[in-house]
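Can you keep this structure in mind? I'll have questions shortly.
Read-outs: derived from the displayed coordinates by stated rules, not from any lab. Keep in mind it's a predicted model, so treat the numbers as computed, not measured. Cβ placement follows ideal geometry from the backbone for every residue including glycine, while neighbour counts extend to all protein chains displayed.
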Amino acid sequence: MTDKYRIDIFADQTITKGTEDNVNQYDFAYFDKSEYVFPSVFGIKIYQGDLLLKSAVIGSMGGGTVIHDSSTIIEKDRLLICCSDTIFCLSIPDLTLMWRTKADQATCFEIYKYQDSYIIHGELEISRLDKDGKILWQQSGADIFTTLDGQDSFIITDNYILATDWENRKYKFDFNGNLL
């Protein structure tokens, strides 16, 4: 939600690429090139009041993702979404694709704003992207960046990023990607 628009984001596994008889119709479709079924497909609709302005659907390969509080960022003029292994950046309210970046080899779990850039909590990598989607740095660990219970596996403080892997090893990075 912005002060001018309502943005609805939802999983749309009913979509079949290349057909016109999908349940939901979209103004734009942004998919990776693949003959396989995407594990994550999200529909996006932007409204002003009750008027639908634009709609888009995105899909990417890699591990499946869901929409939750830290999987999207809504800024004044852009929407960023974690979708499988990729971060999509769409303009608001047009929903034109500004950029997309494969930010993890497997799955992008979360995205956070940091100054004029974005920190990505991925399954295999912690990444920092600039405002144009360029990867500034990436770091990996000995195992996947999640814990058995999913609690406290990724924390951003004022001074560092703390990531915990499956074996409960802790990785402390500065905002330039250096291991502390």
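With an 8 Å cut-off on Cα pairs and a minimum separation of 6 or more residues, tell me the relative contact order of the chain in percent.
Details: 419 pairs, mean separation 21.4, N = 180.
For the chain, the relative contact order is 12 percent.
Distance check, please: which entries in Lys45/Lys172; Lys33/Lys54; Lys45/Lys102 exceed 30 angstrom between their Cα atoms?
Lys45/Lys172
In the chain, what % of DSSP beta bridges are antiparallel (nearest 5)?
Of those bridges, close to 95 percent are antiparallel.
Would you work out the Kirkwood radius for the chain? I mean one over the mean of 1/r across all pairs of different Cα atoms, in Å.
16.9 Å
What FRET efficiency would be calculated for the residue pair Ile135, Glu35, taking the C-beta separation as r and a Förster radius of 22 Å, to the nearest 0.05?
Efficiency at R0 = 22 Å is approximately 0.25.
How about the chain: what cysteines have no other cysteine beta carbon under 4.7 Å from their own?
Cys83, Cys89
Follow-up question, since we're still on this one. Can you compute the modelled spin-label distance between Ala11 and Asp174, with each label point 7 Å from Cα toward Cβ, in nm?
In this crude label model, Ala11 to Asp174 measures out at 4.0 nm.
If you don't mind, another one. Net charge around Thr96, counting only other residues with Cβ within less than 13 Å of its Cβ (Lys, Arg = +1; Asp, Glu = -1)?
0
Using a basic spin-label model with each label point 7 Å from the Cα along Cα→Cβ, how many nm lie between Val66 and Thr147?
1.9 nm
For every other residue with a beta carbon closer than 12 angstrom to the beta carbon of Gly141, add +1 if it is Lys or Arg and -1 if Asp or Glu, then tell me the sum. Present the calculation step by step, with values, prior to reporting the outcome.
Numbers: positive: Arg169, Lys170, Lys172; negative: Glu123, Glu125, Asp143, Asp165, Glu167.
Combined, the nearby Lys, Arg, Asp and Glu give -2.
Which order results if Arg100, Arg6 are arranged by neighbouring Cβ count within 10 Å, fewest first? Write down the numbers at each step before the final one.
Working: Arg100 18, Arg6 14.
Taking fewest neighbouring Cβ atoms as first place, the list is Arg6, Arg100.
Taking the alpha carbon gyration tensor of segment 138-180, what are the square roots of 5 times its eigenvalues, largest first, to the nearest whole Å? Intermediate values should be presented prior to the final figure.
On the way: eigenvalues 61, 27, 9 Å².
Largest first, segment 138-180 gives 18, 12, 7 Å.
State the extension gain, in nm to one decimal, for the chain segment bounded by Asp158 and Lys4, taking 0.36 nm per residue of separation less the distance between their alpha-carbons.
52.4 nm
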